[in-house]
1. What's the number of the only condition in (1) in contact with a Leu (Cβ under 9 Å, 6 or more places away or on another chain); (2) without any contact (Cβ under 8 Å) to a residue 12 or more places away in the chain that E400 fails to meet?
2. I'd like the residue in region 46-55 that is open to solvent by 80 Å² or more (accessible area, probe 1.4 Å) and of a type outside the set (D, E) and, out of all such residues, is modelled with the highest pLDDT.
3. Identify the residue in region 333-346 that is part of a helix (DSSP H, G or I) and touching a Pro at 6+ places or on another chain (Cβ under 8 Å) and, among all such residues, is farthest from D311 (Cα to Cα).
4. Residue check: is S412 in a helix (DSSP H, G or I), of a type in the set (G, A, S), more than 30 Å from R313 (Cα to Cα) and in contact (Cβ under 8 Å) with a residue 24 or more places away in the chain?
5. Tell me, please, whether a residue that is in a helix (DSSP H, G or I), touching a residue at least 40 places away in the same chain (Cβ under 8 Å) and over 15 Å from G425 (Cβ atoms) can be found in region 316-327.
6. Output the number of the condition that L286 fails; it satisfies all remaining conditions of (1) in a helix (DSSP H, G or I); (2) modelled with pLDDT of 95 or more.
7. Within the set of pairs 6 or more residues apart or between chains, which connect a residue that is closer than 20 Å to S210 by Cα inside region 24-37 to a residue that is surrounded by fewer than 20 Cβ atoms within 10 Å (Cβ to Cβ) and among the basic types (K, R) with Cβ atoms less than 7 Å apart?
8. Taking region 213-262, which residues are aromatic (F, W, Y) and modelled with pLDDT of 90 or more?
Amino acid sequence: MQSLFDLNDQPNQSNTIESAPLADRMRPKSLDDYFGQNHLIEDGKILKRMIDRDDIPSMIFWGPPGVGKTTLAQIIAETTNAQFINFSAVISGIKEIREVMKKAELNKEKGLRTIVFVDEIHRFNKAQQDAFLPYVERGSIILIGATTENPSFEINNALLSRCKVFVLKALSEEDLTNLLKHAITSLHGFADWEVEITDEQLHLIAQYASGDARMALNTLEMILFNSETEIRHAVVTNETIKQSLTNRTYLYDKHGEEHYNMISAMQKSIRNSDADAAIYWMARMLEGGEDPLYIARRIVRCASEDIGMADSRCLDIALQAYQACTYLGYPECNVHLTHAIVFLSLAPKSNALELAYNSAAADAIKTMDEGVPLHIRNAPTKLMQELGYHQNYEYAHDLEEKMSPMVCLPESLKHKTYYHPTDQGLERRIAEHKASIDAWKAQERKKRNL
């Protein structure tokens with residue numbers, strides 16, 4: 001099998017810098033040269049143990065661009081005893097998938113394992129993803145997919161359930177700074193250059209890259225080329241740094257850093273009731289080629305996270321905008337997304353629902369051994385009835401008040417309150433109604449000594 005690392009097999013020569021980008025030349029061959037993702041590849045961590053044992057399951061690498069997803073797959077290719085097939089979701093279809101699967105079946109008959117790496121697996125449609133499923137189930141292949149999108153949304157449930165998901169994080173500023181220093185001294189980088197650059201300048205480049213190793217290396221390369229005062233001698237000035245960091249080479253990369261910055265800017269604008277800014281950031285994404293369904297999903301989340309019960313209509317409108325995107329596609333759906341964004345921006349704001357869940361989740365984690373109170377358990381058998389299941393349960397619809405003072409939380413949490421309505425919009429009425437319910441129940445519980 002031809003190595004995936006042919007570009008790195010030879011030391012830096014006179015034409016190396018002209019032949020390939022720095023980010024490609026610096027791609028690590030082993031975990032020893034790999035920067036970041038310590039939560040996965042430090043000694044004792046699960047992925048490191050799998051690689052060391054050559055016991056690789058089907059898995060998905062999920063994380064932003066430039067954090068080492070493809071590199072990890074290539075390192076596995078160099079260390080595993082299985083045949084490794086690199087597969088691109090951008091240029092491949094079902095025909096190519098079937099051809100690769102035939103090779104994998106033949107390998108299996110010979111007692112050989114086959115690892116199929118699919119870069120940008122989220123770009124495959126449902127039919128293409130389904131084509132992998134029977135081969136993963138039979139063990140004909142070990143599938144490794146890389147994606148910048150949330151697998152829960154972009155990978156078929158049947159396929160996702162058979163894969164271990166590893167979340168790769170954006171590299172820290174320290175990781176990126178160390179990577180840049182390594183690139184300057186590496187034989188595959190600028191070891192045969194005389195480079196004058198300060199630690200502060202390296203930190204600025206690392207900051208600018210926002211966790212993306214590829215961007216950090218490509219930016220360093222551009223700065224050094226623009227700082228060359230004589231052959232292979234670069235003197236980096238703050239002015240060169242400033243010019244390089246303010247002149248981005250793209251307006252919007254839907255698989256890059258700005259993908260995350262702009263969707264965040266849009267939601268924060270909605271949260272801040274700034275309809276104009278929200279429309280602008282959405283337009284930047286759509287005109288840059290973003291999938292409108294990705295934006296619609298974030299709007300649906302925003303409807304409950306940032307508005308919630310203050311105006312429950314927002315969730316309906318957000319879901320209707322999502323449906324419009326599904327039916328019409330882009331560009332026709334742009335006005336429906338604008339409709340939803342403006343409505344949400346101008347709606348009263350409340351994060352009471354998110355706070356309620358987070359508070360309940362924290363208690364749930366700490367009280368997993370708490371049983372369901374007996375009186376609200378079902379009692380389908382005689383034994384359960386004898387054990388007190390369903391005893392003293394009060395059916396709310398049979399009562400004059402249409403509610404009972406019985407306690408439905410576990411004993412240790414019976415006085416806890418998770419949902420605290422605000423006084424925003426319709427939630428003000430809900431707050432008043434909830435307060436009257438809580439007061440009535442408290443009074444009745446006191447009477448019954450509950």
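1. Of everything listed in (1) in contact with a Leu (Cβ under 9 Å, 6 or more places away or on another chain); (2) without any contact (Cβ under 8 Å) to a residue 12 or more places away in the chain, E400 misses just condition (1).
2. Out of the qualifying residues, it is R49.
3. Among those that are part of a helix (DSSP H, G or I) and touching a Pro at 6+ places or on another chain (Cβ under 8 Å), it is N334.
4. yes
5. There is no residue in region 316-327 that is in a helix (DSSP H, G or I), touching a residue at least 40 places away in the same chain (Cβ under 8 Å) and over 15 Å from G425 (Cβ atoms).
6. Among (1) in a helix (DSSP H, G or I); (2) modelled with pLDDT of 95 or more, the lone unmet condition for L286 is (2).
7. Q37/K169
8. Passing the criteria: only F225.
The values are calculated or read from the model by the stated rules, or taken from the named source; none is laboratory data. Just so it is clear, the model here is predicted, and its values are computed rather than measured. A quick note on method: Cβ atoms are made from the backbone with ideal geometry, for glycine too, and the neighbour counts reach across all protein chains shown. Note: areas computed on protein heavy atoms with side chains; ligands, DNA, RNA excluded. Shrake-Rupley method; radii C 1.70, N 1.55, O 1.52, S 1.80 Å.
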